[in-house]
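The structure under discussion appears below in the form of structure tokens.
Throughout, read-outs are computed from the coordinates displayed, never taken from laboratory work. All of these numbers come straight from a predicted model, not from anything done at the bench. Positions of Cβ are backbone-derived with ideal geometry, glycine not excepted, and every protein chain shown enters the neighbour counts.
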Amino acid sequence: MDAGFARAREAAARMGAGDRLVLHRQDASAYTASAPFDVVLSVGATHAFGGLLPTLAAARAHLAPGGCVIVGEGFWERPPGTATLDVLEAAPDDYDDLATTVDRVVADGWVPVHGHVSTPEEWNDFEWAWSGATAQWALDHPEDPVSADVLEAAAEHRTGWLNGYRGTLGFVTLVLRPAPR
Ligand SMILES: C[S@@+](CC[C@H](N)C(=O)[O-])C[C@H]1O[C@@H](n2cnc3c(N)ncnc32)[C@H](O)[C@@H]1O
């Protein structure tokens with residue numbers, strides 16, 4: 001996590017925004033702020049708030065007038081079988097299909113102003129990068145006490161993806177603004 005924070009600081013500094021970046025290391029659901037934000041973002045982390053709609057409710061509380069929420073969430077590309085559910089430790093109703101996911105968001109009082117459905121190529125790249133970089137670190141640090149565990153975790157993730165949720169779990173990123181009341 002420290003490495004991630006350091007990379008974020010470096011990137012912000014490169015973009016000339018280093019003096020405006022504030023990073024918080026805490027449970028996101030406990031976050032409070034004294035001023036609202038023009039953009040509130042949650043990508044792949046709705047579990048922190050107990051699901052998609054609770055995440056949007058939390059985001060709404062931080063949103064400035066005219067602002068937008070960017071939320072990234074999984075959906076069922078096709079009905080999940082037991083292999084998928086086992087690997088993800090998920091229940092069938094943890095996600096909906098894409099149309100139902102968007103319908104629920106709209107019924108909750110949001111207007112999608114843009115969206116992106118991750119392509120199979122993007123999923124492949126993400127998963128190979130995740131498991132590949134993790135395995136690479138383990139191979140390059142054989143003396144590290146966690147090296148073997150890290151190599152095993154990389155293999156477990158890779159096989160879980162290939163045998164479990166590849167092609168079944170989709171991912172959508174929505175740009176949302178509150179619907180007029
Ligand atoms: C699937 S990752 C997504 C990470 C990042 N948003 C991205 O798109 O690459 C989920 C992240 O949520 C974080 N997370 C889980 N529960 C959380 C919580 N209660 N508060 C803050 N972060 C949490 C995890 O540590 C993990 O980094």
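A compact table of results
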quantity: Net charge of Cβ neighbours under 14 Å - reference residue 122; Lys, Arg +1; Asp, Glu -1; calculated: -3
quantity: Gyration tensor verdict on the chain (Cα atoms; rounded if a/c is under 1.5, prolate if a/b is larger than b/c, oblate otherwise); calculated: oblate
quantity: Fewest-first ranking of 152, 73, 89, using other Cβ atoms within 10 Å as the exposure measure; calculated: 89, 152, 73
quantity: Cβ charges +1 (Lys, Arg) and -1 (Asp, Glu), total dipole of the chain, debye; calculated: 940 debye
quantity: Residues whose placed amide H lies under 5 Å from that of residue 77, excluding near-sequence neighbours; calculated: 169, 170
quantity: Inter-label distance, nm, simple model (7 Å from Cα along the C-beta direction), residue 108/residue 173; calculated: 1.8 nm
quantity: Karplus 3J(HN,Hα) series, Hz, for the range 102-118 with 6.51 cos²θ - 1.76 cosθ + 1.60 (x for Gly, Pro); calculated: 5, 4, 5, 5, 5, 5, 7, x, 10, 10, x, 9, 6, x, 8, 9, 4
quantity: Charge context of residue 75, other residues only, Cβ under 11 angstrom, K/R +1, D/E -1; calculated: -3
quantity: Phi to ³J(HN,Hα) by Karplus 6.51 cos²θ - 1.76 cosθ + 1.60 over the range 79-94, Hz, x for Gly, Pro; calculated: x, x, x, 5, 4, 5, 5, 5, 4, 7, 6, 10, 9, x, 8, 5
quantity: Neighbour-count order for 118, 29, 42, 34, fewest beta carbons within 10 angstrom listed first; calculated: 34, 29, 118, 42
quantity: Sites residue 82 and residue 48 - FRET efficiency at Förster radius 25 Å, r taken between beta-carbons, to 0.05; calculated: 0.40
